């Protein structure tokens with residue numbers, strides 16, 4: 001699944017393959033407060049994007065607007081060239097019927113900060129319910145697929161357990177398997193490790209790293225900058241509802257250009273230094 | 001006043017028959033009313049505006065008019081539109097229609113009380129609103145729904161006594177028959193009260209048993 005047009009994660013200039021995901025001038029207001037103020041970016045197939053920024057900068061809202069869990073106020077999202085959520089009829093944007101929108105959403109996996117597993121279902125059923133009810137697989141086919149996807153996130157031994165019997169890290173891995181089972185073109189991660197105990201963070205990050213290595217296209221909202229530096233091809237830095245800086249990951253961390261970025265990175269590295277026992 | 005035990009002895013078999021009839025009628029109305037209420041409740045949570053408006057109007061009507069009036073309406077209106085049911089079935093129909101209105105409100109309340117992130121997660125795997133309600137939200141709402149549902153079922157059993165006005169044979173009607181011949185209203189109504197109380201107590205303890213046995217997560 002390696003994309004020939006990716007050079008160190010950046011599309012080569014003049015590359016003919018269109019981006020997998022195209023976000024154009026996305027805006028979102030809640031009441032009178034505009035949270036997203038016109039955001040545009042592309043994601044190429046196989047790319048891993050780190051979407052970072054201080055809290056309140058609009059990262060999570062952007063992610064939720066990409067698969068229309070939150071309705072954007074304006075702007076457009078295209079996946080493999082297909083407009084998501086809206087169609088243009090006589091120059092005006094019109095919301096697609098719910099059924100069409102639901103069918104489009106299957107193609108974008110979403111992993112939530114608080115896992116949002118279905119508490120009444122076992123791990124296996126949580127993963128199988130999408131393929132069975134949405135993709136129309138038979139019960140046994142869906143469960144077979146779910147079992148394989150749970151193996152991919154190293155939970156083969158926990159399939160029969162309910163979410164309440166699993167640790168946070170295990171629950172989040174079930175959630176990743178649930179997203180994978182729909183065979184999405186891209187997976188969106190909304191702070192996947194933020195509600196985990198520190199010792200459980202790594203088991204989730206290592207699963208995500210394997211996905212990235214296998215060529216899964218991912219957009220990750222996170223505060224784990226070390227992880228972003230390690231696996232992201234590109235970093236998008238949000239500040240006050242706009243994209244302040246967008247760079248290949250290594251360049252972003254070594255040579256940030258915008259004053260807001262520099263301040264953000266300094267602030268975080270100071271925090272890390274404080275919490276690192278070696279510095280005490 | 002000397003107690004005439006003979007009255008009780010001769011009344012008991014008749015009241016027992018009436019009790020069986022009350023249980024049969026209530027059982028049918030509970031099944032139909034719960035199913036109807038579930039459908040109405042799901043419609044009231046759907047994304048389809050006209051369906052929500054219909055359910056709202058229906059619930060307003062059921063809540064806003066006395067059950068006694070509804071019983072008469074069903075009994076006299078159904079033959080007009082060409083549906084002829086005997087008095088027992090039109091009584092069951094009236095109780096079911098009434099029950100469905102209240103159950104739909106219970107369903108709507110408890111289902112929308114299921115945590116918000118569940119709808120997001122269901123949307124994210126491409127479920128439609130109806131799929132989300134049926135496969136994700138309703139199963140989680142069953143346990144919190146149970147106490148309110150129990151209240152509704154108890155009301156229904158007690159309300160079935162109103163069907164005696166359209167000559168449905170059930171416990172209350174059986175009692176009226178005994179009183180008309182023996183003229184011992186106090187003794188018979190006391191027995192009737194005890195019979196209803198026992199039925200309701202059984203339903204309440206059955207509900208508590210089911211609630212304990214339902215899986216918690």
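In table form, for the structure just shown:
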item: Selection from segment B:133-153 of residues that are under 30 Å from residue B:91 (Cβ atoms) and surrounded by fewer than 18 Cβ atoms within 10 Å (Cβ to Cβ); result: B:142, B:146, B:147, B:148, B:151
item: Top-ranked residue in segment B:122-146 [being touching a helix residue (DSSP H, G or I) at 6+ places or on another chain (Cβ under 8 Å) and free of Cβ contacts under 8 Å to residues at least 12 places away in the same chain; ranked as farthest from residue A:125 (Cα to Cα)]; result: B:128
item: Total residues in segment A:34-79, condition away from chain B (no Cβ under 14 Å) and outside any strand (DSSP E or B); result: 13
item: Test: residue B:130 is within 28 Å of residue B:216 (Cβ to Cβ) and either loosely packed, with under 15 Cβ neighbours inside 10 Å or modelled with pLDDT of 95 or more (or both); result: no
item: Residues of segment A:87-124 that turn out to be outside any loop (DSSP other than H, G, I, E, B), surrounded by 16 or more Cβ atoms within 10 Å (Cβ to Cβ) and at the interface with another protein chain (Cβ under 10 Å from one of its Cβ atoms), as a count; result: 8
item: Selection within segment B:108-121 - surrounded by fewer than 21 Cβ atoms within 10 Å (Cβ to Cβ) and either touching a residue at least 12 places away in the same chain (Cβ under 8 Å) or in contact with a helix residue (DSSP H, G or I) (Cβ under 9 Å, 6 or more places away or on another chain) (or both); result: B:109, B:112, B:113, B:114, B:115, B:118, B:119, B:120
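A quick yes/no check of all residues on (1) modelled with pLDDT under 95; (2) within 20 Å of residue A:42 (Cα to Cα); (3) assigned to a loop (DSSP other than H, G, I, E, B); (4) within 12 Å of chain B (Cβ to nearest Cβ):
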| position | (1), (2), (3), (4) |
| --- | --- |
| A:150 | no, no, no, no |
| A:164 | yes, no, no, yes |
| A:172 | no, no, no, no |
| A:183 | no, no, yes, yes |
| A:195 | yes, no, yes, yes |
| A:200 | yes, no, no, no |
| A:220 | no, yes, no, no |
| A:223 | yes, no, yes, no |
| A:226 | yes, no, no, no |
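The values are calculated or read from the model by the stated rules, or taken from the named source; none is laboratory data. Every value quoted in this text rests on a predicted model; they were computed, and no experiment measured them. Backbone-built Cβ (ideal geometry, glycine too); neighbour counts: all protein chains shown.
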